[in-house]
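Undergrad: Below is the structure I would like to discuss, written out as structure tokens.
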Ligand code: GLN
């Protein structure tokens with residue numbers, strides 16, 4: 001984007017108008033402007049009340065840079081460096097998948113299963129930013145949570161998130177369950193589940209492919225998780241997984257073939273069957 005003097009945002013209102021004129025929606029424009037001005041996202045109402053306030057040249061220049069990044073397709077969460085998830089604010093960058101509201105279904109379901117199980121041992125597979133593990137620990141400080149990821153870079157960020165939020169979760173580098181010893185009261189995962197040839201993958205090009213793509217049918221990682229989880233589950237305990245919009249039936253079959261019972265699916269906020277669970281037989 002060429003920055004002409006005419007494009008330079010001299011006031012709050014002009015900055016928003018400029019961004020809108022380039023095709024940004026109002027929310028993105030406001031959040032980028034606040035970020036450029038060093039103000040938190042909660043201050044959106046401040047912008048309305050201060051529409052005629054001048055913008056410092058350094059903030060104006062930064063705003064135009066952030067705007068150019070957004071217009072090039074970079075996700076807002078990476079530009080802001082943070083994303084809200086189930087009541088906590090996580091630092092995110094290109095090392096990790098951006099937590100989605102869809103995944104809150106998995107957290108909510110886990111909390112229901114874990115109600116009445118104080119001190120339960122929970123394993124989060126493919127934790128990325130730590131979103132699921134940290135959201136659970138935030139809701140239930142009594143839980144003992146182990147969160148793993150194959151990516152050392154993702155774990156570095158997840159550990160930073162845990163430290164900043166003051167939440168005690170154990171992290172482990174492991175390719176699925178290969179480095180895991182022990183038995184848990186709940187295992188859950190939002191693994192990669194997009195098919196390698198799925199055109200949707202191109203729209204997600206800013207995020208780590210390792211966190212998204214899972215073989216020709218998108219089920220490679222789910223297959224491994226479902227096949228290897230049973231010896232790590234206490235009899236009678238649950239495995240919960242997130243999956244693609246059209247994978248509930250096949251994931252259900254995979255769970256059944258691996259001996260799971262009471263197999264059920266749940267819909268995400270968009271009404272899509274997004275999570276499935278199975279229970280390890282009691283005996
Ligand atoms: N829900 C993501 C998407 O399709 C994919 C996340 C994943 O593969 N776990 O945008």
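Undergrad: Quick check: anything in the stretch 91-102 touching a helix residue (DSSP H, G or I) at 6+ places or on another chain (Cβ under 8 Å), without any contact (Cβ under 8 Å) to a residue 60 or more places away in the chain and assigned to a helix (DSSP H, G or I)?
TA: No.
Undergrad: Please work out which one of (1) at negative phi; (2) crowded, with 20+ Cβ neighbours inside 10 Å; (3) within 16 Å of the ligand (Cβ to nearest atom) is the condition residue 130 fails and give its number.
TA: It is condition (1) that residue 130 fails.
Undergrad: Report yes if some residue within the stretch 248-259 is closer than 17 Å to residue 113 by Cβ and out of contact with any helix residue (DSSP H, G or I) (no Cβ under 7 Å at 6 or more places or on another chain); otherwise report no.
TA: no
Undergrad: So how many residues does the stretch 142-158 have that are over 15 Å from the mean Cα position of the chain (by Cα) and either in a helix (DSSP H, G or I) or without any contact (Cβ under 8 Å) to a residue 24 or more places away in the chain (or both)?
TA: Result for the stretch 142-158: 3.
Undergrad: I've got another one for you. Give me the residue from the stretch 106-127 that is more than 16 Å from the ligand (Cβ to nearest atom) and in a strand (DSSP E or B) and, out of that set, surrounded by the most Cβ atoms within 10 Å (Cβ to Cβ).
TA: 123
For every residue, the table says whether it meets (1) touching a residue at least 24 places away in the same chain (Cβ under 8 Å); (2) under 19 Å from residue 102 (Cα atoms); (3) within 12 Å of the ligand (Cβ to nearest atom).
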{"position": "185", "(1), (2), (3)": "yes, no, no"}
{"position": "188", "(1), (2), (3)": "yes, yes, no"}
{"position": "213", "(1), (2), (3)": "no, yes, yes"}
{"position": "216", "(1), (2), (3)": "no, no, no"}
{"position": "224", "(1), (2), (3)": "yes, no, no"}
{"position": "234", "(1), (2), (3)": "yes, no, no"}
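Undergrad: Answer yes or no: is there a residue in the stretch 18-25 that is under 27 Å from the mean Cα position of the chain (by Cα), modelled with pLDDT of 95 or more, surrounded by 15 or more Cβ atoms within 10 Å (Cβ to Cβ) and not in a helix (DSSP H, G or I).
TA: Among the residues of the stretch 18-25, at least one is under 27 Å from the mean Cα position of the chain (by Cα), modelled with pLDDT of 95 or more, surrounded by 15 or more Cβ atoms within 10 Å (Cβ to Cβ) and not in a helix (DSSP H, G or I), which makes the answer yes.
The values are calculated or read from the model by the stated rules, or taken from the named source; none is laboratory data. Quick caveat: nothing in here was measured; it's all calculated off a predicted structure. Cβ: placed from backbone, ideal geometry, glycine included. Neighbour counts: every protein chain shown.
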